[in-house]
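In what follows, a structure is listed as structure tokens, so that the remarks can point back to it.
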Amino acid sequence: MEISIIAEKLFSLGGFPVTNSFFVAVLVAVLLAITVIFFSRHPKEIPRGVQNVVESIFEGLLSFIESITNDRKQARDFFPLVATIFLFVLFSNWSGLLPGAGTIGLNETNAGQVSMVPFLRGPAADLNMTVALSLVAVISVQVFGILALGIRGYGSKFIVAPWKKPYVIGTVVGLLELIGEFAKILSFSFRLFGNVFAGEVLLTVMLTLVPYLVPLPFLLLETFVGVVQAAVFSLLTIVFLKMAVTSHAEEAH
Amino acid sequence: MEILKQIGIDGKLLLAQAVNFLILLFILHRFAYKPMLAFLEKRTERIEEGLKNADEAKKRLDEAAKGEERILAEAREEAKKIVAETREASEKRGQELVAEFEKKAEKIVEEARERAIEEREKLFREAKGEIADLVIATTEKVLREKLDTDDAKKSVSRFLA
């Protein structure tokens, strides 16, 4: 049994290496888009059936964001990014729990060693996906910050002249903030990758050791971890967004 | 950059994952979030408006009821006042009329009495004249007759004696 930290390549598409995790990521995105659009189109004035569920999810998420931002408009601005991150991460994590993920594949001989290439791999068990998502999130944070405060206002969080009020301390703090922005990318991506990859390893090991019943609690645990990681990722995104659009002067209050 | 390769980071895949996510974000935003949020917002507004209208209607109804009561009370008061005023005025007028008629009646009676007295005096005067004439005539007649008789002669003789 060998579990690779790198997503395995399934096939090449015009020089582009399609890995199993990328394949699943696209699959999840397509299914998610179809499902969400299907359930949220043509809303009726008086909700019935599924519309109640969809509405309460929307309302719940929106009021959750609002409880952090304390601002209805900001909540509405952040909603698309945060909701998409939550849904995409959640279903990516759960897709890695499907039977066959990480276990069904073809044996491939590479440099004299035989290794199994699974067809399906959780998208978040691949650093490419988590880093890409973190970059999107952190860049969005910067964009929202600049849009809200202007380039000068937002830049003044990071670049503080040493002859101004808190003097050198302000400059150093600004520098640390700047490093912090890059650290966010790392913490975002490795947190998600670590949790999901560890879960997959755990499940594979359990399945290999005791195929029946014993992996079940771990499967439930991983289902829960999937929700938690999706929530953590989107929650942190909201918090960072809120911090970015809040100016120094407001923070002081 | 060797370490990036070792942990499986590939520029093409990274970009593809980001694009995948952004497309999902765009599609969901365009076709799900936007219409749904707009719809929810609109309904919230409508419900708020409806509640506000209901509140206002209730307030107006209360006000109208209060106004109605007030107007009724005022009207009642007014009517009472008018009735009282009318009664007072008519009483006063009645008294005035009675007084006037009494005065007139007194005057008429007074005039009648005066006229009656005048008439009587006139009658008296006329009667006196006639009575005087009658007395003279009668006295003449009586005297003439008396003087013709013996007795009268005797009486005259006696007086003369």
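Worth a mention:
- Any hit, region A:30-40, residues being over 19 Å from A:W94 (Cβ atoms) and either buried (at least 19 other Cβ atoms within 10 Å of the Cβ) or of a type in the set (A, V, I, L, M) (or both): yes
- A:V214 passes every criterion in (1) under 27 Å from A:L127 (Cα atoms); (2) more than 27 Å from the chain's Cα centre (by Cα) apart from (1).
- Scanning region A:149-205 for residues that are of a type in the set (F, W, Y), surrounded by 13 or more Cβ atoms within 10 Å (Cβ to Cβ) and out of contact with any Phe, Trp or Tyr (no Cβ under 9 Å at 6 or more places or on another chain) turns up A:Y154, A:F158, A:F190, A:F193, A:F197.
- Only one of the numbered conditions (1) open to solvent by 80 Å² or more (accessible area, probe 1.4 Å); (2) in a helix (DSSP H, G or I); (3) more than 9 Å from every other protein chain (Cβ to nearest Cβ) is not met by A:R48, and that is (2).
- Within region B:7-62, the set of residues being among the basic types (K, R) and farther than 30 Å from A:I6 by Cα comprises B:R30, B:K34, B:K42, B:R43, B:R46, B:K52, B:K58, B:K59, B:R60.
- Qualifying residue in region B:51-69 (condition: more than 43 Å from the chain's Cα centre (by Cα) and within 14 Å of chain A (Cβ to nearest Cβ)): no
- Within the option set A:I85, A:I104, A:I146, being surrounded by 15 or more Cβ atoms within 10 Å (Cβ to Cβ) and away from chain B (no Cβ under 14 Å) holds for one residue only, A:I146.
- Scanning region A:51-71 for residues that are open to solvent by 40 Å² or more (accessible area, probe 1.4 Å) and either farther than 30 Å from A:A244 by Cβ or out of contact with any helix residue (DSSP H, G or I) (no Cβ under 6 Å at 6 or more places or on another chain) (or both) gives A:N52, A:V53, A:S56, A:I57, A:E59, A:S63, A:F64, A:S67, A:N70, A:D71.
- Cross-chain or 6+ apart pairs with Cβ under 6 Å, region A:133-160 first and aromatic (F, W, Y), then open to solvent by 60 Å² or more (accessible area, probe 1.4 Å): A:Y154/A:I146; A:F158/A:E177; A:F158/A:L178
- Any hit, region B:7-30, residues being open to solvent by 100 Å² or more (accessible area, probe 1.4 Å), at the interface with chain A (Cβ under 7 Å from one of its Cβ atoms) and charged (D, E, K, R): yes
Quick grid of which residues meet (1) open to solvent by 50 Å² or more (accessible area, probe 1.4 Å); (2) charged (D, E, K, R):
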| site | (1), (2) |
| --- | --- |
| B:A32 | no, no |
| B:M36 | no, no |
| B:E41 | yes, yes |
| B:L51 | yes, no |
| B:A57 | yes, no |
| B:R60 | yes, yes |
| B:E69 | yes, yes |
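- Residue that is within 9 Å of chain B (Cβ to nearest Cβ), without any contact (Cβ under 8 Å) to a residue 40 or more places away in the chain, open to solvent by less than 70 Å² (accessible area, probe 1.4 Å) and not in a helix (DSSP H, G or I), where the choices are A:P43, A:P80: A:P43
- Qualifying residue in region A:19-26 (condition: over 18 Å from B:H29 (Cβ atoms), open to solvent by less than 70 Å² (accessible area, probe 1.4 Å), part of a loop (DSSP other than H, G, I, E, B) and at pLDDT below 85): no
The values are calculated or read from the model by the stated rules, or taken from the named source; none is laboratory data. Quick caveat, the model's predicted, so the values are computed rather than measured. Counting neighbours? That spans all protein chains shown, and the Cβs are built from the backbone with ideal geometry, glycine included. Ligands, DNA and RNA are excluded from the accessible area calculation, which covers all protein heavy atoms including side chains. Shrake-Rupley method; radii C 1.70, N 1.55, O 1.52, S 1.80 Å.
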